[in-house]
Amino acid sequence: MRTLIRSLLLCAAVLAVSACSQDQEAEAPAAESPAPEPETVPFEKGPYEVRVERSHFVPMRDGVRLSTDLYFPVGFEGKLPVILERTPYDKGSKRNADPDAPISAANQAYYYASHGYVFAVQDRRGKFESEGDYVVLNGDVEDAADTLDWFGEQPWFSGRSSMIGCSIPGANQIKAAQTLHPALTSIVPQSAATGHGTAGGTMAKLWKRGGATNLTMALWAHFSGTNLFYRPSRRLSREEFLRVAGFYDPAPSFEVDLLSMAESPELFNKYFVDAMLVLPSIDIAKHLNSPPSDWEDLTREPMDPWWDGGDYLEDDTRVDAAALHVNSWHDYGVNETFLQFRHFSDKAESQYARDNQFVIVSPLAHCNIESVSSRTVSGQRDMGDARKDIWGTYLRWWDYTLKGVDNGFDREPRIQYYLPGRNEWKSSDVWPIEGTAPTRFFLTSSGEAGSSMASGRVVLSEPDEAGSDTYVYDPADPILEPVRAVHSGSFDLSDLQERPDVLVYTSEPLAEGIEITGKMRATIYVSTDVPDTDLSVKLYDVYPDGRAFALQEGYLRLRYREGYDRMVLMEPGVVYPIEIDMLVYANYFQPGHRIRVDITSSNLPTYDRNMNTGGDTVRESEGRRATITVHHGGESPSHIELPVIPT
């Protein structure tokens, strides 16, 4: 369990640091003999030794200089293409990684440079060695363009470049594609939802899902989002800087690191329980004594003008680059990965870019796809042998897009995805998958779905008889799941479904298996006695032994039910049809398994709690209890719509 918590703490608190690893293990009885270590597809270095030139100061149009490390293949003859990573997480950590350890996000620069590329790692504006002021996700379009211009001035540059990076470094690529720069041939955006705005009808904007604030952003801001860094008292040339660089660390120091939390219940409770329950939640940073950051700005309403500086992907955003979109089903932003695939496929400026859009999705979580192994586990759910040569796929992509190698990449399926339940890789050339049948599964009960697991049912036929179920959501007693979040993996949450503020609806055991892959939606008819509250809808695969593995969650702050550009409060007692975006997922429900849906009104820390007053939730300390009624059948056919794939 300690290993599981360690891995998930990293996933939950520093989602954007690419820190999640396949250390997660399902809890199981001790075996008589140790199981063999999980195997991954090995990736070897290329023929070239690697030379690192650290801290080149690349000038931006406003005079700010961004510090950039360059990894060169020694002895390569001819011009070199570039693979660029723009990161807020300290390029020095990449340089100081063990170049001979198995490949990882930490040392990949050494590996790919050895295959005949210049790998460039750049501190983002205002972070670590780079000059300027840091505002999370602002300024990336212009800075990417100026960096690409600088490559064009180098005598060794071939004229073609690509990018890689996960989470915010993934989002930086979505921004870079907006430059329409001729030198940006391709990108590999990994878990890149933080660069997504409302394109395709969603709401992402750095974890503003459903209009609520993801409270783990406060932990991210504390450990990784600070805009406080130490620099020399005057601007130095590169030569002067290199002479003094070893005498100081530009980053602030912290009293605790994330790994130590897995060893200390006291530290775990301080950061992942006590801090997440602070009211008002805007004061979490004060509670943690955090260094300066953008935390307060990140709590703004989803259409606040402050977000306009982030150049998020919108429906009218112009882009151009071939793209290999990479993610996992239990990533917070897998929905946006498919929307970005569609946006680039339909709207990229060049035919080459439109024709070269690909997606790979694993069964794991944030920034974790490369960890698929012979014994893959997502959260607590066994995903079987999911091995795939992800590192090698990146190299083949760059050989194809940057060196013009005819290696068959252009003939690969456009969509490659892992199907949990079947535990196999599948593929498609279109999205949605051909033959997808959006199928409604209706909710019904005898009126006791909040108190009896046997009452609430999921059925295929629309119920004629009207009914309802009621629960009370108290913001003083919210659901708090700092580890077992849907966006950290697939966990058995059957214990949570015993709470009186959770309505549970379950199908009969399936006579035949059902595959779902694609976009999901829910329509829930709701009335309440408060002006505003939240609605959480989760989908589960229930095993014959009673374990209920969470697959995906849709969430909405109900004041935004008519759109994120307006706040409309609710009238007491009025029944509203609430449309919930259930995002995307793939799953095979095996024969004998059951489909389950649960409904509630809180899920900390993934979403900040609604205080039910209609006020500014992050600045309120006092809330009120909400009586919430879910109506079903008759004129209120509450249902979830799943993308059933023909077998």
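General observations
- Less than 5 angstrom separates the built amide H of Arg414 from those of Ser428, Asp429, all sequence-distant by 5 or more or on a different chain.
- FRET efficiency, Gln154 to Glu49 (Cβ-Cβ, R0 22 Å, nearest 0.05): 0.60
- Set of lysines near Lys270 by C-alpha distance (under 18 Å), chain-local residues within fewer than 8 positions excluded: Lys286
- Within region 355-439, chymotrypsin sites (Phe, Trp or Tyr not before Pro) in DSSP loop having at most 12 other beta-carbon neighbours inside 10 Å: none
- Accessible area per residue for region 422-535 is 42 Å², calculated with a 1.4 Å probe on protein heavy atoms, without ligands, DNA or RNA.
- Between Asp385 and His56, the distance separating the two model label sites (each 7 Å from Cα on the Cα→Cβ line) works out to 4.4 nm.
- GluC sites (Glu not before Pro) within region 560-647, DSSP loop, no more than 13 other Cβ atoms inside 10 Å: Glu562, Glu622, Glu635
- Placing dummy labels 7 Å off each Cα toward the beta-carbon, the span from Glu37 to Thr627 is 6.0 nm.
- Among the listed pairs Lys205/Lys538; Lys94/Lys403; Lys94/Lys127, those with a Cα-Cα distance over 20 Å are Lys205/Lys538; Lys94/Lys403.
- Surface share of carbon and sulfur [accessible, 1.4 angstrom probe, percent] for the chain: 48
- The HN-Hα couplings worked out from phi for region 447-459 by the Karplus form 6.51 cos²θ - 1.76 cosθ + 1.60 (θ = phi - 60°) are x, 10, 5, x, 10, 9, 5, 8, 7, x, 10, 9, 9 Hz, whole numbers, x standing for Gly and Pro.
- Pairwise FRET efficiency - Arg396 versus Asp529, Cβ, R0 = 60 Å, nearest 0.05: 0.55
- Under the combined filter of DSSP loop state and at most 16 neighbouring Cβ atoms within 10 Å, region 71-166 retains these GluC sites (Glu not before Pro): Glu77, Glu153.
- Förster radius 30 Å - calculated FRET efficiency between Glu579 and Gln351 (Cβ-Cβ, nearest 0.05): 0.25
- Region 538-647 - accessible surface per residue (Å², probe 1.4 Å): 33
- Each helix, a run of at least 4 DSSP H residues, gives -39500 (n - 2.57); summed and divided by the residues of the chain, these come to -4500 deg cm²/dmol at 222 nm.
- Evaluated over the Cα positions of region 57-131, the convex hull gives a direction-averaged projected area, one quarter of its surface, of 5.3 nm².
- Helix 390-403 axis, angle to the chain major axis (alpha carbon atoms, nearest 10°): 50
- The 3J(HN,Hα) values that the Karplus relation (6.51, -1.76, 1.60; θ = phi - 60°) gives for region 42-49 are, in residue order, x, 10, 9, 5, x, x, 9, 5 Hz. Gly and Pro appear as x.
- Residue-normalised accessible area of region 180-304, given per residue in Å² at a 1.4 Å probe: 41
The values are calculated or read from the model by the stated rules, or taken from the named source; none is laboratory data. Note that the coordinates shown come from a computational prediction; the quantities given were computed from them, not determined experimentally. Neighbour counts are summed over all protein chains in view; Cβ atoms, including those assigned to glycine, are modelled from backbone coordinates with ideal geometry. What goes into the accessible areas is simple: the full protein's heavy atoms, side chains included, and nothing from ligands, DNA or RNA. Shrake-Rupley method; radii C 1.70, N 1.55, O 1.52, S 1.80 Å.
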